[in-house]
Amino acid sequence: MTAKRSRKRVASVPEYVASKPKESRASLEAVRRAILKALPNAQEGLAYQMPAYTLNGVGVLYFAGWKSHYSLYPASDALVEAFAKELAPYERSKGTLKFPLSEPVPVRLIERIAKFRARQLTTRDAATGRRKGGREGQVDRIRRICAALPSAFEKMSHGTPCFFVEQGKGCFAMFSEHHRDDGRLSLWVPVADGLQPLMIEESPDIYFYPRYVGAGGWVGILLDRIADDALESHLRQARRIIASKRKPARKPRGM
């Protein structure tokens, strides 16, 4: 029996590019240069073993190379709408833009996308004070959404706010602080069968395997990476999943 070959971890973006097949390296390097040109003040590093570009500690753009394409993350609805004409030829999936390796790299488009993302984050922070809100701001955000769900009930469990289908029964969402000890705030929710690995592969800047429950079809959601409408959709679906698994009350004998 042969052992599985483990994927070699890389320590920098140049190492990441060099680790990819020779025929894709020029394209990935062109993507890298386009982002750095558009965001000269960005910090370049790795997140989830893929190139990441941050401004003042906030993730702006990520890219990853695959077998026949490379991807840019995250692709919000607002971004796709702003570049609707230019992005029409390209595939979009779960907040991801996919560009085929068989075609020339659209350098100018990537530069404009990077600048758009930077403006988006600057405007959002100024308008909502999100970064000042911190823990309480994110918990209040989740509470506001759950308040509209039928019979949803909040309770402290394992030292953190948790949300239940009904009072004390059927946890469908768990708030988490300091994801991987990096100070990030997240929410853990169940998802439909088979979706967990696909979501994490397609949008690793938003989703991750949560500790302890990661093998059970739950995903972690980084709260500073997801819009309210998408978060609400996840919470509604999570509640439905847990509610459907709860056994109906046993009828008394003789009825």
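The values are calculated or read from the model by the stated rules, or taken from the named source; none is laboratory data. This structure is a prediction, so every number in the text was calculated from the model and none was measured. Reconstructed Cβ throughout: ideal geometry from the backbone, glycine too, with neighbour counts over all protein chains shown. Side chains are part of the model used for accessible areas, which takes the heavy atoms of the whole protein and leaves out ligands, DNA and RNA. Shrake-Rupley method; radii C 1.70, N 1.55, O 1.52, S 1.80 Å.
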- Does region 159-180 contain any residue that is modelled with pLDDT of 90 or more, in a helix (DSSP H, G or I) and over 20 Å from the mean Cα position of the chain (by Cα)? no
- State which residue is most open to solvent (accessible area, probe 1.4 Å) when the search covers only region 96-140 and only residues that are among the basic types (K, R) and modelled with pLDDT of 90 or more. R108
- Could you list all residues from region 50-83 that are over 21 Å from I226 (Cβ atoms) and open to solvent by 60 Å² or more (accessible area, probe 1.4 Å)? W66, K67, S68
- Within region 84-94, residues assigned to a strand (DSSP E or B) and open to solvent by less than 60 Å² (accessible area, probe 1.4 Å) come out as S93
- Query: Of all residues in region 1-28, how many are modelled with pLDDT of 70 or more, farther than 24 Å from K98 by Cβ and over 26 Å from the mean Cα position of the chain (by Cα)?
  - Reply: 0
- Filter result for the condition that a residue is at pLDDT 80 or above, open to solvent by 50 Å² or more (accessible area, probe 1.4 Å) and part of a helix (DSSP H, G or I), over S244, S151: S244
- Message: Could you check region 21-49 and list, in sequence order, the residues that are of a type in the set (G, A, S) and loosely packed, with under 15 Cβ neighbours inside 10 Å?
- Response: A26, G45
- Query: Between residues in region 70-93 that are closer than 16 Å to E111 by Cα and residues that are surrounded by 15 or more Cβ atoms within 10 Å (Cβ to Cβ) and acidic (D, E), which pairs lie under 7 Å by C-beta distance while being six or more apart or on different chains?
  - Reply: Y73/D205; P74/D205
- Task: Consider R143 carefully, then state whether it is modelled with pLDDT of 90 or more, open to solvent by 30 Å² or more (accessible area, probe 1.4 Å) and on the phi < 0 side of the Ramachandran plot.
- Result: yes
- Looking only at region 190-223, which residues are modelled with pLDDT of 90 or more and within 15 Å of C171 (Cα to Cα)? P190, V191, W218, V219, G220
- Message: Take the conditions out of contact with any His (no Cβ under 9 Å at 6 or more places or on another chain) and touching a residue at least 40 places away in the same chain (Cβ under 8 Å) and apply them to E44. Does it pass?
- Response: no
- Among all residue pairs at least 6 apart or on different chains, which show Cβ distances below 6 Å where the first residue, located in region 202-224, is at positive phi and the second is part of a strand (DSSP E or B) and modelled with pLDDT of 85 or more? G217/P190
